[in-house]
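Engineer: Sharing a structure here in structure tokens format.
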Amino acid sequence: AAREAALAAVGGEIEEKRRQREEMERLLNDLYEEELKNKLEEEEIMQRERRERMKRDMLKANEEQLRIKKLRAEEEAEAERKFVEQMLSRFEQDRRLEQMSKQRKRREIQLYRQEVDRLVQERRKLYEERMQAELAEIEKETQRKEYERRIVEEERLRLLDQYAKQLKNFLPKGMLKSAADYERVIGRKPRN
């Protein structure tokens, strides 16, 4: 009887240790899943903030470029008007016109106007070239921001692949942005 009691005690002790070990493993697994879930949520918040910040920056940059373009176009038009006015005024004030015959005067004015038109066209060409260069720079910046957005999206998908499948039952609302995300993590298309 004593031997059976001793065996029962040892068996109970072994069973208690096994139960404690399983409980410890369960707690560690819960802790690991909680940490993974928290990390995924933090990464998602950071990614969302980064995307929103990039979107705001792009909108702000586009608005600013449009404002500058409009302002410069107005300034250029005003400068061109003043330039033509100044050139014609200078010519009209030339005292030599007083000594010219009417025919010669008309010819000289016509030639001068042609020269003014040529100078205006030249100014317009330079302005267009400058605007094209600025537009090319804007396009380059837009492409750079698009590249950054693509990198952010690739990192988001990498994190989904790395962590989300393990935590698919604990994902916060809004984590899966599309049917493709859902299928990627859950393994099937969402039910409608």
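Engineer: Label the stretch 1-129 by shape, choosing from rounded, prolate and oblate, from the square roots a ≥ b ≥ c of the eigenvalues of the Cα gyration tensor; if a/c is under 1.5 it is rounded, and otherwise prolate applies when a/b is larger than b/c, oblate when it is not.
Structural biologist: prolate
Engineer: For the stretch 140-146, what does the Karplus curve 6.51 cos²θ - 1.76 cosθ + 1.60, with θ = phi - 60°, yield as ³J(HN,Hα) per residue in whole Hz, taken in order and with x for Gly and Pro?
Structural biologist: 4, 5, 4, 5, 5, 5, 5
Engineer: Roughly how many Å² of LYS60 are accessible to a 1.4 Å probe, to the nearest 10?
Structural biologist: For LYS60, the solvent-accessible surface is approximately 140 Å².
Engineer: Accessible area per residue for the stretch 1-131 in Å², computed with a 1.4 Å probe and the full protein assembly in place, what is it?
Structural biologist: On a per-residue basis, the stretch 1-131 sits at 84 Å².
Engineer: For GLU49, what accessible surface area do you get with a 1.4 Å probe? Give it in Å², rounded to 10.
Structural biologist: So the heavy atoms of GLU49 present about 100 Å² to solvent.
Engineer: Which value, in Å² rounded to 10, gives the accessible area of ILE109 with a 1.4 Å probe and all protein chains present?
Structural biologist: Rounded to the nearest 10, the figure is 40 Å².
Engineer: Something else now. Would you list ILE151, ILE14 from the most to the least accessible area, probe 1.4 Å?
Structural biologist: My answer, sorted largest first, is ILE14, ILE151.
The values are calculated or read from the model by the stated rules, or taken from the named source; none is laboratory data. On a predicted model such as this, the values are computed, not experimentally measured, just so you know. When the accessible area is computed, the model is the full protein with side chains, heavy atoms only, and any ligands, DNA or RNA have been set aside. Shrake-Rupley method; radii C 1.70, N 1.55, O 1.52, S 1.80 Å.
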